[in-house]
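Everything below concerns the one structure shown next.
Nothing in this text is a laboratory measurement; each read-out follows from the coordinates by a stated rule. The shown structure was predicted, so the numbers you read here are calculated from the model rather than taken from an experiment. Please note: Cβ atoms are built from the backbone with ideal geometry, for glycine as well, and neighbour counts cover all protein chains shown.
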Amino acid sequence: MEPAIEVNRKNRKIPVAPEMADRCFTCGTCGGGCPATGLVPGWDARKAIRAIVFGLEQEVIDSKWPWVCTLCGRCQYQCPMGIQLMKTFRACRTARDRDKVPGPIHKGTMMNLERGNNLGIPRDDFLFLLADLGVEMENDEEQPTPGFYVPVDKEGANVIVTINSKEPFGEPDDMKFWWRIFYAAKEDWTVSSVNWEGVNWGLFSGDDESMKKQVARVIENARRLKCKTILYPE
């Protein structure tokens, strides 16, 4: 029987099934194999799960541990008793008050819902950049790509490409790596002019409602343009 992991936002509790206390051996396998062990003094995967078992979940929620944890799942994979550590630690993120979510991750989530990408890049600026980069790539002196352009809102393309907003914001040339592959493979692809963000910060921040909205937007783009495949940057 798997532990019941549910978040109650009102009480900010994470109910854990009683059998978890009996199943955990405190063997430390989870902490020993965790890449985040040692990054937060006094915390590792084993200590966090034991604190939750003994009713100290609020201390875990308020600590830096759930945010230093990368949710890679290694602890859960290695646990000899199959305890769902990864789900538990993500639930700790969900239970955190949104105004106390560290860094820009919650602000980026809200920005995505408002403007269609995490960094709030205006639509016209985004489209201008794509067109400009397409011209640069077509006329590149070392690796010219005759006839290349960035297809935007092309109906019936095989692949619809989502983009990490950090690329058009600060690393635009990184997008060309994908484009060159598409060009060489003669791939039929497109980019949506709206809601093109491919990095779902709602997923990482534990904001399930926002996560689902962002996923729905990506799927809606694919359906609107009648594309067969969605490509994510991560």
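Computed quantities for the displayed model
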item: Correct choice for Rg and Dmax of the Cα atoms in Å that was computed from the model, options (i) 21.6, 66; (ii) 18.2, 61; (iii) 17.1, 54; result: (i)
item: Dipole of the chain [Lys/Arg +1, Asp/Glu -1 at C-beta], most positive-end residue of SER205, ASN158, LEU130; result: SER205
item: DSSP H segments from the chain that extend 27 Å or more along their own axis, Cα-based, with Kyte-Doolittle mean of -1.0 or above; result: none
item: Long-range amide H partners of ASN164 with built H, under 5 Å; result: GLY198
item: Charge dipole of the chain about the Cα centre (unit charges at C-beta), most positive-ward option of ALA185, CYS34, MET110; result: CYS34
item: Radius of gyration and maximum dimension Dmax of the stretch 19-96, Cα, Å; result: 11.0, 29
item: Per-residue Cβ neighbour rank within 10 angstrom, fewest leading, ILE160, ILE181; result: ILE181, ILE160
item: For q = 0.11 Å⁻¹, Debye-computed log10 I/I(0) when each Cα of the stretch 105-231 counts as one equal scatterer; result: -0.38
item: Cβ-defined net charge surrounding ILE105, 11 Å radius [Lys, Arg +1; Asp, Glu -1]; result: +3
item: Cα-centre dipole for the chain with unit charges at Cβ (Lys and Arg positive, Asp and Glu negative), debye to 20; result: 1280
item: CD proxy at 222 nm, helix term only [per DSSP H run n ≥ 4: -39500 (n - 2.57); per residue of the chain; nearest 500]; result: -13000 deg cm²/dmol
item: Cleavage-rule hits, GluC sites (Glu not before Pro), the stretch 62-153, DSSP coil, Cβ neighbours within 10 Å at most 16; result: GLU141, GLU142
item: Translational D in µm²/s for the stretch 145-186 (Stokes-Einstein at 4 °C, 1.567 mPa s, Kirkwood Rh from C-alpha pairs); result: 112
item: Under 12 Å, Cβ to Cβ, from TRP178 - net charge with Lys/Arg +1 and Asp/Glu -1; result: -2
